[in-house]
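Structure record follows, encoded as structure tokens.
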Amino acid sequence: SNPYIVTLLNCAMWIFYGLSFVKSQIVLVSNINGIGLVIEAIYLSHYSLFTPIDLWERQTIIYLLMTETIATAIVIGITLAV
């Protein structure tokens, strides 16, 4: 599940980069990566629900997703502050 979690982070960063107030005239980047973000989120939810994994791995996935969300928020905050 680790490559898919990293891909989710990648899509989130590209969505932020493609927003019109960050970089103008590249909205298509946000649209494409928005679709990728949804696909990765669906895949991760199906993986964690239907794969016979132990509780430790499920907690690790949740921990990594929370860390990823915090890291994305920090990057967005720093970028908007500068």
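Rundown of residues vs (1) within 19 Å of Pro3 (Cα to Cα); (2) among the aliphatic types (A, V, I, L, M); (3) assigned to a loop (DSSP other than H, G, I, E, B); (4) open to solvent by less than 90 Å² (accessible area, probe 1.4 Å), yes/no style:
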{"residue": "Ser24", "(1), (2), (3), (4)": "no, no, yes, yes"}
{"residue": "Leu37", "(1), (2), (3), (4)": "yes, yes, no, yes"}
{"residue": "Tyr47", "(1), (2), (3), (4)": "yes, no, no, yes"}
{"residue": "Glu68", "(1), (2), (3), (4)": "yes, no, no, yes"}
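Exactly one residue out of Ile61, Ile32, Ile53, Ile76 is surrounded by 11 or more Cβ atoms within 10 Å (Cβ to Cβ) and touching a Leu at 6+ places or on another chain (Cβ under 8 Å): that is Ile61.
Restricting attention to segment 2-21 and to residues that are in contact with a Ser or Thr (Cβ under 7 Å, 6 or more places away or on another chain) and free of Cβ contacts under 8 Å to residues at least 60 places away in the same chain, the residue that is most open to solvent (accessible area, probe 1.4 Å) turns out to be Leu19. Tell me, yes or no, whether segment 73-82 has at least one residue that is in contact (Cβ under 8 Å) with a residue 60 or more places away in the chain, hydrophobic (A, V, I, L, M, F, W, C) and part of a helix (DSSP H, G or I). For segment 73-82, residues in contact (Cβ under 8 Å) with a residue 60 or more places away in the chain, hydrophobic (A, V, I, L, M, F, W, C) and part of a helix (DSSP H, G or I): present.
The values are calculated or read from the model by the stated rules, or taken from the named source; none is laboratory data. In this text, all values refer to a predicted model and were calculated from it rather than measured experimentally. Neighbour counts run over all protein chains shown; Cβ positions are idealised from the backbone, glycine included. In case anyone asks, the SASA skips ligands and DNA or RNA and just uses the protein heavy atoms, side chains included. Shrake-Rupley method; radii C 1.70, N 1.55, O 1.52, S 1.80 Å.
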